[in-house]
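Reviewing the structure listed below.
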Amino acid sequence: MISLAQTYFIEVMTIILYCLLIFVPLLLGVVMALYADRKIWAAVQKRRGPNVVGPYGLFQVPADGLKFIFKEIILPDGSDKTVFLIAPIITLALSITAWAVVPVQAGVVLANINVGILYIFAISSLGVYGILMAGWSSNSKYPFFGALRSAAQMVSYEVSIGFVIITVLLCVGSLNLTEIVMAQKTMWFFIPLFPMFIVFFISALAETNRPPFDLPEAESELVAGYQTEYSGMPFVLFLFGEYINILLMCAMTTILFLGGWLPPIDIYPLNAVPGFVWFLLKVIFVFYLFAMVKAFVPRYRYDQLMRLGWKVFLPLSLFAVVATSSILFFFNLAPGM
Amino acid sequence: MTAQLLTFYLFSGVILISSLMVISTKNPVHSVLFLILSFLNAAGLFVILHAEFLAMILIIVYVGAVAVLFLFVVMMLDFKTSINKDNILQYIPIGILIGVVFIAELIIVLINTKFDLSNIQVLPNPLSDFTGKSNTEAIGSVLYTDYILYFQLSGVILLVAMIGSIVLTLREREGVKRQVVSEQLQRQGKIDLVDVKSGKGVDI
């Protein structure tokens, strides 16, 4: 029994250390993403954005976080209190869990599993439960509507995300995220699969409840959607979970279409830069696009959102799966053939 | 007697407890949530068996899609009136019957394999050689070759079920206005910009 403890103690400690190595930069990333989001949005509208707390307003987000931590947690009287408190925890935990398989550089990944892309797809499809549980347990009308909208929306757009992932997998021949990146050594996938890149980007906006698809929390109709009854720390957990999911979707876009940690051209000054810098730059670029969409595009009406998901993206991505596999088959380009 | 065994007991223990909670909690939404918990732990058991592809598919299909729709429907029920726990005992005989059938099937399979799971005589077709293949490749290489008929058949059954349920619930309603996006987009030429003179109005 002692040997068992000895064997596993060091292993468990190493894993905890690795988890912290993911978690701490991620939290920092979320803080910066929140700040960047507000700054970009402000710049588009010719405002200054946060500029009071700290140099250039950099400490605005930590200050907001502190404010939320010291606020009282209000539990609505008619709510289902256990589910009400579990919901934000599930949202945050799931969004962090998905990062375990994201490779930031060749070989730098916590868990290099064979079915990495399926794992991320599975975890992100679980994300809807946090929202559903929050909406139901609040026992209030606006959160409930928000939860119903969100569930329908996320399930719909998951379908087309799944098909887009399949088109990428057809070109790779593996479900491993590292191999997906390495398959893009000659050409990043957003060039041959450009329509799918667009479909994936828009579906990622819908999947993370970002504007113009933020109907679950549309403040003009539903107060704050599923978050209406939340205050203090649980609200922060939702906010962080949401932003970690957004960063995950940016990382997924980078890995699937923009060549992960690979430099744009494999020549000397570019390939001397460490891989994670390229990865970070690409994630920041995709996040910039996310923030710009939020600033530019007005919110969709709900039936338009559903129409886009089921009548436009689903046939398009289904056709792309058939077309891609046919082309790969007839020109003998399919990996492993 | 290692961590693997401990994980197995953890997963199967949670499955048993949460399955029990599915049928014993008063609140239907809690039942569905416990059902989801037991699905997740079943996926964990698949991972212990090194069947990670099956585990992920179980989570994506059952937890990510089917259970969401399930929860979606149950959440909208007015369950305060529909719950009646008094007559729950009336389902015990049929529950025992189903349990006995399952146990009998398990015993038959275990006797036939003589407790040696590498003996695969119970399967209808002999399995190919999977050495050096990953989980996903192995499933793909038999599913689309040896078992293509069963695969296609189950696909057709699902398709028929889907079309059937759409046909059953489809009804034409009178006076519903629909948005036709292509028509809206083609309206461009019919819109005129008119410079309206002050005090004179405009003829339309």
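Summary of computed values
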quantity: Residue pairs meeting the criteria (Cβ under 6 Å; at least 6 apart or on separate chains; first at the interface with chain B (Cβ under 7 Å from one of its Cβ atoms), in segment A:102-131; second of a type in the set (D, E) and assigned to a helix (DSSP H, G or I)); calculated: A:V115/B:E52; A:S125/A:E158
quantity: Set B:F11, B:F39: member being within 12 Å of another protein chain (Cβ to nearest Cβ) and either open to solvent by less than 70 Å² (accessible area, probe 1.4 Å) or of a type in the set (D, E) (or both); calculated: B:F39
quantity: Tally of residues being open to solvent by less than 30 Å² (accessible area, probe 1.4 Å) and away from chain B (no Cβ under 12 Å) across segment A:158-171; calculated: 4
quantity: Answer from A:N245, A:N271 - the residue that is farther than 17 Å from A:T91 by Cβ and polar (S, T, N, Q); calculated: A:N271
quantity: Qualifying residue in segment A:105-114 (condition: crowded, with 21+ Cβ neighbours inside 10 Å and within 22 Å of A:L280 (Cα to Cα)); calculated: no
quantity: Selection from segment A:89-101 of residues that are within 13 Å of chain B (Cβ to nearest Cβ) and not small (G, A, S); calculated: A:I90, A:L94, A:T97, A:V101
quantity: Members of segment B:147-197 that are of a type in the set (G, A, S), assigned to a helix (DSSP H, G or I) and at pLDDT 80 or above; calculated: B:S154, B:G155, B:A161, B:G164, B:S165, B:S182
quantity: Selection count, segment A:66-83, where residues are at pLDDT 85 or above and within 12 Å of chain B (Cβ to nearest Cβ); calculated: 2
quantity: Long-range neighbours under 6 Å by Cβ, at least six apart or interchain, first residue within 15 Å of A:V172 (Cα to Cα) within segment A:311-337, second open to solvent by 40 Å² or more (accessible area, probe 1.4 Å) and in a loop (DSSP other than H, G, I, E, B); calculated: A:P335/A:G173; A:G336/A:G173
quantity: Extreme residue, farthest from the other protein chains (Cβ to nearest Cβ), among residues of segment A:1-22 that are under 24 Å from the mean Cα position of the chain (by Cα) and open to solvent by less than 70 Å² (accessible area, probe 1.4 Å); calculated: A:I22
quantity: Segments classed as helices (runs of 4 or more DSSP H), wholly inside segment A:205-324, with at least 2 members that are modelled with pLDDT of 80 or more and among the small types (G, A, S); calculated: A:232-257, A:275-296
quantity: Enumeration of residues in segment A:182-204 that are β-branched (V, I, T) and assigned to a loop (DSSP other than H, G, I, E, B); calculated: A:T186, A:I191
quantity: Which numbered condition A:L75 misses (of (1) free of Cβ contacts under 8 Å to residues at least 24 places away in the same chain; (2) surrounded by 19 or more Cβ atoms within 10 Å (Cβ to Cβ); (3) of a type in the set (A, V, I, L, M, F, W, C)); calculated: (2)
quantity: Hey, A:I86 out of contact with any Gly (no Cβ under 7 Å at 6 or more places or on another chain) and farther than 25 Å from A:M133 by Cβ or not; calculated: no
quantity: Residue in segment A:43-60 that is modelled with pLDDT under 90, open to solvent by less than 60 Å² (accessible area, probe 1.4 Å), among the hydrophobic types (A, V, I, L, M, F, W, C) and under 29 Å from A:I131 (Cα atoms) present; calculated: no
quantity: Whichever residue in segment A:271-313 is within 16 Å of the chain's Cα centre (by Cα) and crowded, with 20+ Cβ neighbours inside 10 Å and, among such residues, is farthest from B:R178 (Cα to Cα); calculated: A:F279
quantity: Residues of segment A:139-157 classified as more than 9 Å from chain B (Cβ to nearest Cβ) and not aromatic (F, W, Y), total; calculated: 9
quantity: A:I131 vs. criteria within 16 Å of the chain's Cα centre (by Cα), part of a helix (DSSP H, G or I) and within 14 Å of A:L256 (Cα to Cα); calculated: no
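The values are calculated or read from the model by the stated rules, or taken from the named source; none is laboratory data. Keep in mind it's a predicted model, so treat the numbers as computed, not measured. Cβ atoms come from the backbone with ideal geometry, glycine included; neighbour counts cover every protein chain shown. Note: areas computed on protein heavy atoms with side chains; ligands, DNA, RNA excluded. Shrake-Rupley method; radii C 1.70, N 1.55, O 1.52, S 1.80 Å.
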